[in-house]
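To start, the structure itself, in structure tokens.
The values are calculated or read from the model by the stated rules, or taken from the named source; none is laboratory data. Computed from a prediction, not measured in an experiment: that's the story for all the values here. Reconstructed Cβ throughout: ideal geometry from the backbone, glycine too, with neighbour counts over all protein chains shown. With ligands, DNA and RNA removed, areas are computed over all heavy atoms of the protein, side chains included. Shrake-Rupley method; radii C 1.70, N 1.55, O 1.52, S 1.80 Å.
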Amino acid sequence: MLPQDPVILLSYVNTKLRDRDHTLENFCSFEDVDPSALCERLAEIGYTYDSNRGQFV
């Protein structure tokens, strides 16, 4: 289950992207999460996924 707090969610996702998954697609597949829903949720606090960096910025 993903963290509910958006800032903690951001930290969790970026850590997993850095250490385990390396792409948003891999992360979402592993966590069984809809990528567009995750992106929308993090966009609410001003973050978007940067595929070149492999993280939300």
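Keeping the other protein chains in place, figure out the carbon and sulfur percent of the accessible area of the chain, with a 1.4 Å probe.
Details: 1860 of 3760 Å².
So the carbon and sulfur contribution to the accessible surface is 49 percent.
Quick one: net charge of His22's neighbours, Cβ under 15 Å, K/R +1, D/E -1?
On the way: positive: Lys16, Arg18, Arg20, Arg53; negative: Asp19, Asp21, Glu25, Glu31, Asp50.
Around His22, the surrounding residues sum to -1.
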Taking every Cα atom in the chain, find the radius of gyration and the maximum pairwise distance Dmax, and write them in Å. 9.9, 27
